[in-house]
Amino acid sequence: WEVRPWYLDGGEVGGIVIFSEDITARLAAKQALRNSEARMRALIGTIPDLICLKDLSGVYLLCNPALERLVGMKEADIIGHTDYDIFDTEQADFFRGNDRLALEAAAPVINEEWLTFAGDGYRGLFQTVKTPVSDADGQVIGILAIARDITLLRQAEENLRAINANLEVRVAERTAELEALNQSLESFVYSVSHDLKAPLRGIEGYSQLLREDYG
């Protein structure tokens, strides 16, 4: 409700004018927006990946607890600042460079980076996906970054490669051993064949004599 005085020609108040507007839909929309934001906050708050949203200038608009742990700061202290306010220049240049790559490509850009957490000193290898974010009209308004810890995955891949390499060496060694054994067997068979020729010829000769005399 809005109440305004109504003035006569002489400047005296002649009454009041009351304006009213049904704001039920507006309040419902605001509540729906608050509920949506609460669900989004709950979602990104439980995801272990590092998540942040920046505007086109690189200013942080939101982040989740995982990113707070990386930076060692609360979200309230991160929002409104850029990478250059939080990280050293080399690290900030790297982050901002990947932001620009995603914006220029107008598509997600994936890169890997080693990150050290200010909160507890943990250092790990992270795969980061940076994606341009657009509004309802399709206008790019910012950049979304999601980083996942792939340290254990990469270690497992390295271990698997080492196992495969070791297996290849063992297979090669075993193949060489079998080839050497085959050569030894061939030599043995040749030797036995040669040594048996004379006795077998003798046996064959005596057998022929026996057949002729007592056939």
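For this structure, a couple of remarks:
- Some residue of the range 58-67 being in a loop (DSSP other than H, G, I, E, B), of a type outside the set (Asp, Glu) and closer than 25 Å to residue 154 by Cβ: yes
- Residue 32 being among the small types (Gly, Ala, Ser), part of a helix (DSSP H, G or I) and modelled with pLDDT of 75 or more: no
- Positions within the range 50-102 being under 20 Å from residue 121 (Cα atoms) and touching a Pro at 6+ places or on another chain (Cβ under 7 Å), in sequence order: 66
- Note on the range 73-126: no enclosed helices (runs of 4 or more DSSP H) hold 3 or more residues that are under 13 Å from residue 147 (Cβ atoms) and modelled with pLDDT of 95 or more.
- Pick from the range 106-125, criterion free of Cβ contacts under 8 Å to residues at least 24 places away in the same chain and either of a type in the set (Phe, Trp, Tyr) or more than 22 Å from residue 153 (Cβ to Cβ) (or both), ranking: least open to solvent (accessible area, probe 1.4 Å): 122
- Matching residues in the range 53-76 - criterion: being within 18 Å of residue 88 (Cα to Cα), of a type in the set (A, V, I, L, M, F, W, C) and either open to solvent by 20 Å² or more (accessible area, probe 1.4 Å) or touching a helix residue (DSSP H, G or I) at 6+ places or on another chain (Cβ under 8 Å) (or both): 59, 67, 71, 73
- Residue match in the range 193-207 (condition: within 30 Å of residue 126 (Cβ to Cβ) and open to solvent by less than 80 Å² (accessible area, probe 1.4 Å)): no
- Output for the range 1-22, where each listed residue is β-branched (Val, Ile, Thr) and either open to solvent by less than 100 Å² (accessible area, probe 1.4 Å) or not in a strand (DSSP E or B) (or both): 3, 13, 17, 18
- Restricting attention to the range 129-175, the residues that are assigned to a strand (DSSP E or B) and without any contact (Cβ under 8 Å) to a residue 12 or more places away in the chain add up to 1.
- Long-range neighbours under 9 Å by Cβ, at least six apart or interchain, first residue part of a loop (DSSP other than H, G, I, E, B) within the range 39-53, second open to solvent by 20 Å² or more (accessible area, probe 1.4 Å) and modelled with pLDDT of 70 or more: 47/146; 48/148; 48/149; 49/146; 49/148; 49/149
- Yes/no for residue 156 being closer than 30 Å to residue 64 by Cα, out of contact with any Ser or Thr (no Cβ under 9 Å at 6 or more places or on another chain) and open to solvent by less than 60 Å² (accessible area, probe 1.4 Å): yes
The values are calculated or read from the model by the stated rules, or taken from the named source; none is laboratory data. Because the structure is predicted, anything quoted here is derived from the model rather than measured. For neighbour counting, all protein chains shown are included, and Cβ atoms are generated from backbone atoms with ideal geometry for every residue, glycine included. Note: accessible area is taken over every heavy atom of the protein model, side chains too, but ligands, DNA and RNA are not part of it. Shrake-Rupley method; radii C 1.70, N 1.55, O 1.52, S 1.80 Å.
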